[in-house]
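Encoded as structure tokens, the structure appears first; notes follow it.
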Amino acid sequence: MQLEIRGLEKAFGRKQVLKDISFSMEEGCYGLLGSNGAGKTTLMRCLCGIYPEGLEHVYWQGKKIVNHSSYLPSLGYLPQSCGLYKNLSVEEHLQLLALYKGVPQAQITQSIETSLALTGLTERAKSRVGSLSGGMSRRLGIAQALLGDPKILLLDEPTAGLDPEERLRFKNMISELKKTRLILISTHIVEDVDAVCDWVIIMKEGKILRELKRNDLRSEADGCVYTVNEEKLDSLREPYVAIRKFEDEEAIKVRVLSPVPQNIQPVQPTIEDAYLMVIDNQEIFRNEARS
């Protein structure tokens, strides 16, 4: 099972949104991280063949997806904004989408029951779609992506609007599904990637900055993360970036990223630290060169 991108570029008018994207994915879960405007959604749409550039530069099992008749039936896609038929019941909505997706008639009922169970919507099967909360509507979007038991899942901001309990259910679901599928999750929520993804792909301004195993990503920030009392922040050597403040034993402390050694012991980096180090390191080192 291999999904590969070779030299993908995409522009809207004069704006280059994707710049020479090349990477490959196999069975497992991948997190696509990047700030808003990095090109994540455009990349997802290319992988679905929505944009014609994807048809020529995306390969499934070694063949261009435009020439691979089994690709689209193997695909489940959750767009960032998922249109719903609000006057239908949840069950009717999924029946219609199952027909659109080409799920064999004999498998539709079972496929819907499985999707509802995985997303915790079984008890709402007869509810009108328009009556669902924002979080439940998002879960319904995930349910439609699961119809037909796809081997590839492309999920664009799947936890947007989910409450903590729903996010936990989503993480547990992905942890089980990734054992037999290729899953790509586009998000800017680092916590979700840390919880379920095996690999991390980091995008910035239409380019891939890193593609590496989640645990290897932490090493990007080894020796570069510190915590310091807020009143001692000015004693640090430049350059540094203050990530966030927190309270510890009645003192206000600041978590800091810095590419230069400080006179205090560094702390263990998190995935978020490493992500920020990758995204911001060019600016940090540019500042260092000026100092």
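The values are calculated or read from the model by the stated rules, or taken from the named source; none is laboratory data. Nothing here was measured: the structure is a model prediction, and the numbers come from that model. Glycine also receives a Cβ, built like all others from the backbone with ideal geometry; neighbour counts cover every protein chain displayed. Side chains included, ligands, DNA and RNA excluded: accessible areas come from the protein's heavy atoms. Shrake-Rupley method; radii C 1.70, N 1.55, O 1.52, S 1.80 Å.
A few comments on the model shown:
- Cα centroid separation, the range 120-194 to the range 28-66 (Å): 19
- Taking all protein chains as they are arranged and a probe of 1.4 Å, the heavy atoms of MET1 leave approximately 70 Å² accessible to solvent.
- Protection-proxy order for peptides 102-109, 217-224, each taking the mean of Cβ atoms within 10 Å per residue, highest first: 217-224, 102-109
- Measuring nothing but how far apart in sequence close Cα pairs (under 8 Å, 6+ apart) lie, relative to its length, the chain scores a relative contact order of 20 percent.
- A straight chain from ALA117 to LEU88 at 0.36 nm per residue would run longer than the Cα-Cα distance by 8.5 nm.
- The C-alpha atoms of the chain define a longest principal axis, and helix 105-118 lies at about 30 degrees to it.
- Proximal lysines to LYS178, defined as alpha-carbon separation beneath 28 angstrom and excluding residues fewer than eight positions away on the same chain: LYS40, LYS63, LYS64, LYS101, LYS151, LYS204, LYS207, LYS213
- Solvent exposure of the chain as accessible area per residue, Å², 1.4 Å probe: 50
- Of the peptides 32-43, 113-124, the order by per-residue mean of other Cβ atoms within 10 Å, starting with the highest, comes out as 32-43, 113-124.
- Loop-located trypsin sites (Lys or Arg not before Pro) in the range 61-94 (DSSP state not H, G, I, E or B) with no more than 13 neighbouring Cβ atoms inside 10 Å: LYS86.
- As a length-normalised measure over Cα pairs under 8 Å and 6 or more apart, the relative contact order of the range 59-133 settles at 38 percent.
- Per the Cα gyration tensor, the range 1-128 maps to an equivalent ellipsoid with semi-axes of 31, 18, 14 Å, ordered largest to smallest.
- Surface share of carbon and sulfur [accessible, 1.4 angstrom probe, percent] for the chain: 46
- Anisotropy class of the range 75-122 from Cα gyration tensor, a/c 1.5 cut: rounded
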